[in-house]
Structures are given as structure tokens and as C-alpha cells.
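First comes the structure, then the notes that go with it.
Values quoted throughout were computed directly from the atomic coordinates according to the rules given, and no laboratory measurement underlies them. Being a predicted model, the structure only gives us computed values, none of them experimental. All Cβ positions, glycine included, derive from the backbone under ideal geometry; neighbour counts span all protein chains shown.
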Amino acid sequence: MTRRIKDFILSANLLAGTIIGAGVFSLPYVFKIAGVATGLFYLLLATVAYIAIYRMYAQVISLTPSEHRLSGYIKIYLGNTAWWISILMTIVGAILVLTVYLILSQSFGNLITPFGSGEDKMVIFWLLGSTAIFLSLRRIALLEMMINIGMVAIIAIIFFLGLMKPDNLLSVNFGVHWGSFLLPLAPVLFSLSGRVAIPAMTKFGSLRAAINWGTIVPAVLFAAFVLSILALSPVVTEDAVTGLVGYVHPSILIVVGIFGMFSILSSYVTIGYDVYKSLGLDLGFPRFAQYALVVFGPLVAYFAGLNSFIGLVSLIGGIFLGLEGIFIVLMWLKAIKKPLSLSTLLLIAVFAAAIIYEIIK
């Protein structure tokens, strides 16, 4: 294997592994509500949009002499106001993502055992995740492997089970429900988000090809996952997996629950530790305040009423990732010193549509 091919595989795998996460569980529900054709349309649109965004961000990184986090690049190219918005956007968005994992922990916990309430299982998950963050276990590279193995295993299990029941897809509405036409946009943007992988990818060669395939492969897997869920169960729940109860053998559901729990726990620790570091490096928070916000922020958000899986995924994908996408386009235009073109205007429109829909819906 040549160095070029090896770099391509490592780089594409890094992006794909970052993208494949909790967002995929929101897709079957919104695809069914809006129509499968609508969902697949947005999956294609978001794939194209994110390929462009990731290329732009990679070019911004390569054109900037010093290395920064996203907020640092925003400060250089867009000024202090945009920088403050990006800091708040990143930290609040990450706290809400942790809340999404708290919600999912109930779903996977219920697959493993029917004993105890969902919130009891969530609190246990929260205690384990918070303890791991406190011990700085983010440094253990094994966590990244656990995330990828867990998510790919779940998608593979659901896909092969779905292959056994292809006839059930005949009863699925593949049309377009115009009243819910924009519903899938924000969850799809959330699902395909992998911007954090780009800085590490710039150290490899074959960047354009790696970005292309690192985005396309997860999109194809997501489409297969959605169709498999629709084939397996006539009941499609917000989290995708709860609706499988009664339609998939309990032992298989336990395996799915275990893989899912390991994966989201690893993601929880990884994201939580990154937020902890960001609070210290970007905002100068004292250590106690860093831990307090990371540990209690998601729990407070949940009990304050932010406990709808689809609602949170849509909020993050629409508002926070919508703003992030627009910021990256504007940074890129500043970095390459070019005016706004029709193609960049259309790209901004995709993310702006998600923001506007989430505000007015």
C-alpha cells in the first residue's frame, strides 16, 4: 500500500468516524413524517453542502499561518463579535449535544433491561460519564475506537435484519409530505456534522478525495439505516430503536443496547472533556466552574424541559450548525479574498433555511 493510499484511507476514516454518531437515530422518524423521498433529498443536499463546507474550512486552515480552534479562525477573519457568538455557539451547542446523549441513554438502557425507569438509567449514565470526564479519560484513545465500533455495529445489525424483511418497505410512503417538507433539514445537518475532524485531516494528503468519501460513505450508511428501520417495524419512534421492541428478538435488542450504550458513553466523555478544555482555554473559566458546567449543564437542561430527542437534534442542527456553516463560508470568502458568488449564496441559503425554519416552526 502506497503512502498516498494509506493517508487517504486514514483521513477518510477519521471524517467518517466523526460523522457517524447519535444523529442517525433521528433520521427514520423525520424521514417517515416528511416522506422518504424528502428525507433522501435532504440527505443528498446536505452531503453536497458539507463537502463544500469541509473543503472551505480545510482551505482556511491551510491559508492561516498559525493553528487555531474554529473560534480562533472566526476571530481572525470575522472579528470579535462573530468570535463571541462562535464561543457561545460552540459551548452551548456542545452542552445540548451532551443532553441528547442523556436522552438516548434511556432508550439504549431500556433495550438492555426493562427494570428501572428510563430516568434512573439516565442518572446512572450521567454519573459514569461525569466521573470519566472528571478523571480526564478523554486521553484514552480507546474511547474513539469504542465510538466507531459501537455505531458501525448497530447500523450493520439493523441493516442485515432489514434485509430479511424487504416486503415491509412496500407499505412505506416514499412520497413528499409538503406540510413537513423542511422538517428533515436540521436533523440531517446534525447527522452529517463532522467539522471537528478537518484540522487533523489537513495533515494527510489526498484531502479533497478524503473529504468526498468521508462524507459520502456515512450518508449512504444513513440511508441504508433508515430503510432498514422502516422495513423492520411499522412503529417508528423518535429515537428509532424503541420502536423495534416487539418486532426484533429481545437478545438482538440487548446487543444493540450494549453497543449503543458504550458508543454514546464514549462520545459523552469525549465531547464533555473537549467542552471542559474549551471553557478553560477560550473563556478562562476556573477549574471548578469548568467541571460544574460540563457535569451539571446537560442534567439541568434536561430537567428544565429540553428532553425531546428530535427537538434537541433539530435545534442544534438548525440553529447552531446553521450558524457554523454560514461562518465557515464567510471566513473562506475573506481568506481567499473573493466576493459572494451564486454558488456560495446558495450554500449559505441551505444553512439559513435551517435556521429560519427552526425559529418559526
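How long are the semi-axes of the equivalent ellipsoid of region 1-151, defined as square roots of 5 times the Cα gyration tensor eigenvalues? Whole Å, largest first.
For region 1-151, the semi-axes come out at 31, 22, 20 Å.
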- Query: What's log10 of I(q)/I(0) for region 217-361 at q = 0.14, 0.20 Å⁻¹, Debye sum over Cα points only, no solvent?
  - Reply: -1.04, -1.31
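What does the highest-first list of 223-235, 56-68 look like by mean Cβ count within 10 Å? It would help to have the intermediate numbers written out before the result.
Working: 223-235: 20.8, 56-68: 15.4.
My ranking of the peptides, most packed first, is 223-235, 56-68.
Kindly flag which residue pairs out of Lys75/Lys277; Lys32/Lys165; Lys121/Lys361; Lys75/Lys338; Lys6/Lys203 have an alpha-carbon separation exceeding 21 Å in this structure. Present the calculation step by step, with values, prior to reporting the outcome.
Working: Lys75/Lys277 19 Å; Lys32/Lys165 17 Å; Lys121/Lys361 32 Å; Lys75/Lys338 19 Å; Lys6/Lys203 13 Å.
Flagged as over cut-off: Lys121/Lys361.
Hey, how much of the P(r) for region 175-280 falls beyond 20 Å, as a percent of Cα pairs? All intermediate terms of the calculation are to be shown ahead of the outcome.
Working: 3363 of 5565 pairs.
Across region 175-280, Cα pairs with separations above 20 Å total 60 percent.
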- Alpha-carbon centroid distance for the pair region 216-245 / region 259-335, whole angstrom: 25 Å
- Message: Using the Karplus curve 6.51 cos²θ - 1.76 cosθ + 1.60 with θ = phi - 60°, what ³J(HN,Hα) values do you get for each residue of region 24-34, in whole Hz, with x for Gly and Pro?
- Response: 4, 6, 7, 6, x, 5, 6, 5, 5, 5, 8
- Query: From the residues Ile319, Ile33, Val241, which one has its Cα farthest along the dipole of region 3-360 in the positive direction, the dipole being from +1 and -1 charges on Cβ of Lys/Arg and Asp/Glu about the Cα centre?
  - Reply: Ile319
- Message: Taking just the alpha-carbon atoms of the chain, what radius of gyration and Dmax come out, in angstrom?
- Response: 19.9, 60
